[in-house]
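Below you'll find the structure, written out as structure tokens, and then a few comments.
The values are calculated or read from the model by the stated rules, or taken from the named source; none is laboratory data. The structure presented is a predicted model; accordingly, all values stated were derived computationally and were not measured. Glycine also receives a Cβ, built like all others from the backbone with ideal geometry; neighbour counts cover every protein chain displayed.
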Amino acid sequence: MNEESESSFADVRIPVIVAYFNQCDPKKCSGLRMIRLGQARRIDTLKEIPHHAIVLNPFSEKALSSEDRARAEKNGLVIIDGSWNSLEGHRSLFKRGIGRALPFLVAANPVNYGVPTKLSSSEAVIASLWILGFKGQALEIADSVKWGPAFLHINMERLESYANARSSKEVVEAQLKAMRKLGYDV
């Protein structure tokens, strides 16, 4: 690979899209923070979600994996930024785009520190970018929130395992292994 193509490959970034539903404190909202810092684009309606974008969806039957990299590069990565207590009963919100679930990770944000699967929007984006192989972009976002480096530290072994998986099936296998290692009966 020549120097010019290496440089252009390194400059490739996944478009991050935040579907913002104004359900959290704007001062604490990591989705809004990514928007303010130019790390993400805001949309206010589900109709604005690109049809073939990867939409992080906890109800999806397929895990995010490196298989999704090209689609995310071309169409973007969408995070639904709203209160999950309010959104949980509204699975229809996730009909647009291509749904993918994040594998098992532990939160480092101040509200849910140490709680498995209770990630902030920025943590979900950081994890997604890492899994998809956009580690530089993930580090940039991690460095913009106080708990970002801690999130990476707590989850690094799992994130690397998920990033090295070649398919959704391998991500799920890595997830089960990680959960067993922590003592979960799965």
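Pick from PRO116, PRO110: which is touching a Phe, Trp or Tyr at 6+ places or on another chain (Cβ under 7 Å) and free of Cβ contacts under 8 Å to residues at least 24 places away in the same chain?
None of the others qualify; the one that does is PRO116.
Here are the criteria: (1) in contact (Cβ under 8 Å) with a residue 24 or more places away in the chain; (2) surrounded by fewer than 15 Cβ atoms within 10 Å (Cβ to Cβ). Tell me which single one GLY38 does not satisfy.
For GLY38, the failing item is (1).
Okay, residues lined up against (1) in contact with a helix residue (DSSP H, G or I) (Cβ under 7 Å, 6 or more places away or on another chain); (2) basic (Lys, Arg); (3) at pLDDT 95 or above:
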| residue | (1), (2), (3) |
| --- | --- |
| ALA53 | yes, no, yes |
| LEU64 | yes, no, yes |
| ALA70 | no, no, yes |
| ILE80 | yes, no, no |
| LEU102 | yes, no, yes |
| SER121 | yes, no, no |
| MET156 | no, no, yes |
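Starting from residues that are in a loop (DSSP other than H, G, I, E, B) and polar (S, T, N, Q), keep the ones in segment 2-51 and report whichever is modelled with the highest pLDDT.
GLN39
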